[in-house]
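The values are calculated or read from the model by the stated rules, or taken from the named source; none is laboratory data. Model, not experiment: these values are computed from the prediction. Every residue, glycine as well, gets a Cβ built from its backbone with ideal geometry; the counts of neighbours run over all protein chains shown. Ligands, DNA and RNA are excluded from the accessible area calculation, which covers all protein heavy atoms including side chains. Shrake-Rupley method; radii C 1.70, N 1.55, O 1.52, S 1.80 Å.
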Amino acid sequence: MRCLNREDLHVGMIVGQAVHNDRGQVLIGAGEPIEEKHIRALKIWGISAVNVGEGGDPHQSTDPKETSVSTDRQQIRNCAARMFRLDSKNPIHPAMKQVIVSCILQMERHGVPQTKRFTLPKDPNGNGDAPSTKIQMDPSKLTVSRLISRIKDIVSLPDIYQKLMEVIDDPLSAAADVAEVISCDAGLSARLLRIVNSSFYSFPSKIDTISRGVTILGTKELCDLALATSVMNLFDDSLNCLVDMNQFWNHSIGCGVFARKLALFRHEPNAERFFVMGILHDIGRLILLSYVPEIIRGVIVRAARTRNPLNVIEKQTLGFTHADVGAALLKAWKLPDSHQEAVGLHHHPSRARRFKQETATIHVADIMATAMSMGSSGNVLVPNLIPEVWDRLEMSPSVLTRLAEEAESEVNHLVQIFR
């Protein structure tokens, strides 16, 4: 056992002796792996050193569930046949095998029938009402640039986020100014406070004001959370006749949570930006559902019946995909280039040139959220993992099972908050 200063601790190290605060409450139990939230808690409580066990390399798994990769081979294959489209000629990648194992463990915990994961959309010209589209697009002339040029003023970046960015970009502004802007929106303030007091952060003491939230999280981090929560109000319930909006946002939240957890594990700066990328990764699909509903309904049905990825059928039908639309929308909103590339290439992360880690993270997070049945944005199959992209993250595949268990409770809490 070694005693390490707080500054020398890393996510993944194993605590050798339980850590208590001055009230006697356990902050980290003996034998638990250290997480980013634990390091934050140590700072808040002024704890400067922790006893850790030997072999606390964050890239080496000390999780006893690592042995779960030996789960019955036939069980893995049966699950893969239903939910995963894998190349039978090649062995399953260790990380993808761990995704499958996480999926099986989730089904064992909840007994969720996989046949209920997705429902085909209704016909907007039949029993359901078509979305109240604000523009009419000629499908034969539909391109990404024409679509975005027509809708960028209709689907605009939330005003609250624009105000926040103006304050942050002002060199004379302070954290109190950020808190004041957020506090002017009672609904947003309430949601943010519920988020920072949920298992998403697991702070040891309650944060009861926005100003304290800004102080603890940081201005940019809280602004990213504000963007993630506000963007969900841009699309109304009229799309429910085509896609279950609750399921769509549940999937987006799941992807965001997984992206943030992967980023925290890898010590990425401002992990909240990864949460935003996850929330926004499929936003292009909502644009397409809003403005060319009949075409996209046909795409979803065809993808389900042929067991093909949605983005593949989109490309065949339209010449572009929802990811292309999402990236173009984020560019029109002047969001960071990293967000644009991660959203635009989350199905083809090998093509990323500038933001390879961000794109790889959203790629893996999307796979995990789908495998764990965290909502659905229309896909009936779990996307395939690209091996070389996984290698960029430099993580042990066994980490995924632990992250999956942790993510479930966080996603459930956030879903309730956003509802």
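Looking only at residues of the range 202-217 that are modelled with pLDDT of 85 or more and outside any helix (DSSP H, G or I), we find that the one that is farthest from Y161 (Cα to Cα) is K206. Summed over the range 387-398, residues that are assigned to a helix (DSSP H, G or I) and either open to solvent by less than 20 Å² (accessible area, probe 1.4 Å) or touching a Pro at 6+ places or on another chain (Cβ under 6 Å) (or both) total 3.
Filtered by the rule that a residue be open to solvent by 10 Å² or more (accessible area, probe 1.4 Å) and closer than 16 Å to K37 by Cβ, the range 180-201 gives N197, S198, S199.
Summed over the range 246-264, residues that are surrounded by fewer than 24 Cβ atoms within 10 Å (Cβ to Cβ) and touching a Pro at 6+ places or on another chain (Cβ under 9 Å) total 0.
The residue list I300, I296, I313 contains one member that is part of a helix (DSSP H, G or I), among the β-branched types (V, I, T) and modelled with pLDDT of 90 or more, which is I313. Pairs linking a residue in the range 194-205 that is of a type in the set (D, E, K, R) to a residue that is open to solvent by 40 Å² or more (accessible area, probe 1.4 Å), with Cβ atoms under 9 Å and 6 or more positions apart or on different chains, are R194/H413; R194/Q416. Among the residues of the range 144-174, those identified as surrounded by fewer than 19 Cβ atoms within 10 Å (Cβ to Cβ), over 19 Å from T229 (Cβ atoms) and out of contact with any Leu (no Cβ under 8 Å at 6 or more places or on another chain) are S145, R146, S149, R150, D153, I154, D169, D170, P171, L172, S173, A174.
Would you check if A328 is of a type in the set (A, V, I, L, M), modelled with pLDDT of 90 or more and touching a Lys or Arg at 6+ places or on another chain (Cβ under 6 Å)? When the stated conditions are applied, A328 does not pass them. Remark: pairs (first residue in the range 133-153, modelled with pLDDT of 65 or more; second residue surrounded by fewer than 14 Cβ atoms within 10 Å (Cβ to Cβ); Cβ separation under 6 Å; 6+ apart in sequence or on different chains) = R150/I135. Counting only residues that are over 19 Å from A371 (Cβ atoms) and touching a Phe, Trp or Tyr at 6+ places or on another chain (Cβ under 8 Å), the range 240-262 holds 1 of them.
Cβ separations smaller than 7 Å between residues 6+ apart or across chains give the following pairs from the range 255-274 residues that are under 18 Å from A226 (Cα atoms) to residues that are part of a loop (DSSP other than H, G, I, E, B): C255/H281; R260/A271; F274/E268.
Yes or no, residue by residue, for (1) under 30 Å from I160 (Cβ atoms); (2) aliphatic (A, V, I, L, M); (3) buried (at least 20 other Cβ atoms within 10 Å of the Cβ); (4) touching a residue at least 12 places away in the same chain (Cβ under 8 Å):
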{"position": "V299", "(1), (2), (3), (4)": "no, yes, yes, yes"}
{"position": "A303", "(1), (2), (3), (4)": "no, yes, yes, yes"}
{"position": "L310", "(1), (2), (3), (4)": "no, yes, yes, yes"}
{"position": "K315", "(1), (2), (3), (4)": "no, no, no, no"}
{"position": "G319", "(1), (2), (3), (4)": "no, no, no, yes"}
{"position": "H322", "(1), (2), (3), (4)": "yes, no, yes, yes"}
{"position": "G326", "(1), (2), (3), (4)": "yes, no, yes, yes"}
{"position": "L330", "(1), (2), (3), (4)": "yes, yes, yes, yes"}
